[in-house]
Amino acid sequence: MSIPSTRLGRTGLTVSRLALGTMTFGLQTDEAVSQQILDKATGAGINFLDTADVYPLGGTLETAGRTEEIIGRWLKNKQRGDYVLATKAVGKMGPHPWDQGASRKHLLDAIDASLKRLQTDYVDLYQLHSDDRDTPLDESLEALDVIVKSGRARYIGVSNFLAYRLARALGRADLKGLSRYVCVQPRYSLLFREIERELLPLCEEEGLGVIPYNPLAGGLLSGKYKAEMKPEQNTRFTLGTAGGMYQDRYWNDRSFNTVAKLQKLADEAGVPLATLSVAWVMANPRITAPLLGASKPEQLDATIAGASYVIDPALKQQLDEVTHEYRKGDAPR
């Protein structure tokens with residue numbers, strides 16, 4: 001199967017229409033399995049790899065950076081130019097109060113540390129992992145501009161930003177003549193459609209790429225979990241410091257009731273729910289490349305198939321209608 005390519009927003013950079021998310025590497029999956037996942041994804045045609053300095057997901061300060069190190073050792077035996085490599089900063093990476101956030105000090109330290117772990121001279125995309133409200137937007141933009149002009153990153157982006165904060169940042173960059181954010185990385189799936197209201201229209205208007213994470217809602221849209229089950233060990237729903245967050249997002253009656261309806265539609269269409277879920281995300285013309293996560297190589301079979309599955313318009317309308325309530329906000333807490 002061939003995975004199509006597309007441009008990242010209005011940039012001249014071409015990326016695969018699927019990206020590999022790596023936050024499982026180093027805790028949920030050991031290094032050997034992580035490298036098998038990398039091999040399978042890239043062998044299928046995915047050239048867009050995304051990570052973050054704080055990964056693995058669910059880890060602690062002692063494990064922070066481990067995912068980048070795994071990717072660095074894998075990348076060392078490859079042709080660096082064959083891959084578009086993205087990482088992120090802002091999360092806590094050390095014991096000091098300045099070892100986190102989007103300050104000039106932290107970002108300039110963080111990029112150098114990431115490059116060392118990744119064993120490369122540059123990343124193609126450097127992103128703010130979240131919005132640091134304690135640091136002025138101008139300070140973060142000026143630091144990122146230094147990083148771009150030094151060649152340590154080719155492009156910059158953000159993740160987990162509200163639309164109004166992103167709009168302000170774009171305006172400040174334009175006003176001051178600084179490097180501009182070219183993409184966003186938000187949460188998006190059939191069970192979380194809130195970004196359709198403001199963020200995606202902003203991205204369309206400003207020409208930003210969109211590389212959403214959690215297209216399977218932490219695995220709930222794989223169809224393998226049932227409401228009567230307890231969360232399995234070594235999954236997103238029990239993993240270290242992140243398990244509670246994922247249960248809070250998705251593990252509720254509302255989500256399970258919706259998944260049951262979606263599973264019925266998938267069964268009637270004769271397609272795995274995971275494939276259908278990824279294809280639905282990709283069917284939105286504002287989406288550049290969903291991030292696929294995996295803890296086992298074989299889990300990629302169904303999600304990669306989403307790149308070639310064309311949803312019938314009538315089925316697409318049904319999926320939209322079943323999940324329309326998720327445009328209004330997150331599940332009740």
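Every condition in (1) surrounded by fewer than 24 Cβ atoms within 10 Å (Cβ to Cβ); (2) hydrophobic (A, V, I, L, M, F, W, C); (3) in contact with a strand residue (DSSP E or B) (Cβ under 6 Å, 6 or more places away or on another chain) holds for Phe48 except the one numbered (1). Do we have Leu315 as under 25 Å from Ala52 (Cβ atoms) and not small (Gly, Ala, Ser) here? It is false that Leu315 is under 25 Å from Ala52 (Cβ atoms) and not small (Gly, Ala, Ser). When Arg165, Arg154, Arg180, Arg197 are screened for being closer than 19 Å to Arg133 by Cβ and out of contact with any Pro (no Cβ under 9 Å at 6 or more places or on another chain), only Arg165 passes.
Residue by residue, here is whether (1) crowded, with 17+ Cβ neighbours inside 10 Å; (2) closer than 22 Å to Leu8 by Cβ; (3) free of Cβ contacts under 8 Å to residues at least 60 places away in the same chain holds:
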position: Leu61; (1), (2), (3): no, no, yes
position: Ile70; (1), (2), (3): yes, no, yes
position: Asn77; (1), (2), (3): no, no, yes
position: Asp82; (1), (2), (3): no, yes, yes
position: Thr87; (1), (2), (3): yes, yes, yes
position: Lys105; (1), (2), (3): no, no, yes
position: Leu115; (1), (2), (3): yes, yes, yes
position: Glu139; (1), (2), (3): no, no, yes
position: Leu175; (1), (2), (3): no, no, yes
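Residue count for the stretch 48-104 under the criterion of being over 27 Å from Gly243 (Cβ atoms), of a type in the set (Lys, Arg) and in a loop (DSSP other than H, G, I, E, B): the result is 2.
Does Arg327 satisfy being of a type in the set (Lys, Arg) and modelled with pLDDT under 95? Judged against the criteria, Arg327 is a match. Of the residues making up the stretch 194-217, one or more are in a loop (DSSP other than H, G, I, E, B) and small (Gly, Ala, Ser). Residue count for the stretch 151-163 under the criterion of being in contact with a helix residue (DSSP H, G or I) (Cβ under 9 Å, 6 or more places away or on another chain) and either within 29 Å of Arg193 (Cα to Cα) or free of Cβ contacts under 8 Å to residues at least 12 places away in the same chain (or both): the result is 6. Suppose the filter is among the small types (Gly, Ala, Ser), touching a residue at least 12 places away in the same chain (Cβ under 8 Å), surrounded by 17 or more Cβ atoms within 10 Å (Cβ to Cβ) and under 21 Å from Tyr246 (Cβ atoms); does Ser16 pass it? No, not satisfied. As a summary of the residue check, Val146 satisfies the conditions (1) part of a helix (DSSP H, G or I); (2) over 30 Å from Arg73 (Cα atoms) except for the one numbered (2).
In the stretch 34-41, the count of residues that are surrounded by fewer than 22 Cβ atoms within 10 Å (Cβ to Cβ) and small (Gly, Ala, Ser) is zero. Is it true that Thr24 is buried (at least 17 other Cβ atoms within 10 Å of the Cβ) and under 28 Å from Pro97 (Cβ atoms)? Here the answer is no, as Thr24 does not meet what is asked. When every residue of the stretch 234-244 is checked against the conditions, none turns out to be in contact with a helix residue (DSSP H, G or I) (Cβ under 7 Å, 6 or more places away or on another chain) and modelled with pLDDT of 95 or more. Scanning the stretch 13-26 turns up no residue that is more than 14 Å from Ala289 (Cα to Cα), modelled with pLDDT under 95 and of a type outside the set (Lys, Arg). Only residues that are in a strand (DSSP E or B) and acidic (Asp, Glu) were counted in the stretch 8-47, giving 0.
Taking (1) of a type outside the set (Gly, Ala, Ser); (2) surrounded by fewer than 22 Cβ atoms within 10 Å (Cβ to Cβ); (3) over 24 Å from Ala302 (Cα atoms) in turn, Val54 satisfies each apart from (2). Check Ala217 against each of (1) under 20 Å from Ser277 (Cα atoms); (2) surrounded by fewer than 22 Cβ atoms within 10 Å (Cβ to Cβ) and name the one condition it does not meet. Only one criterion is unmet by Ala217, namely (2).
The values are calculated or read from the model by the stated rules, or taken from the named source; none is laboratory data. Everything numeric here is computed off the predicted structure, so don't read it as measured data. A quick note on method: Cβ atoms are made from the backbone with ideal geometry, for glycine too, and the neighbour counts reach across all protein chains shown.
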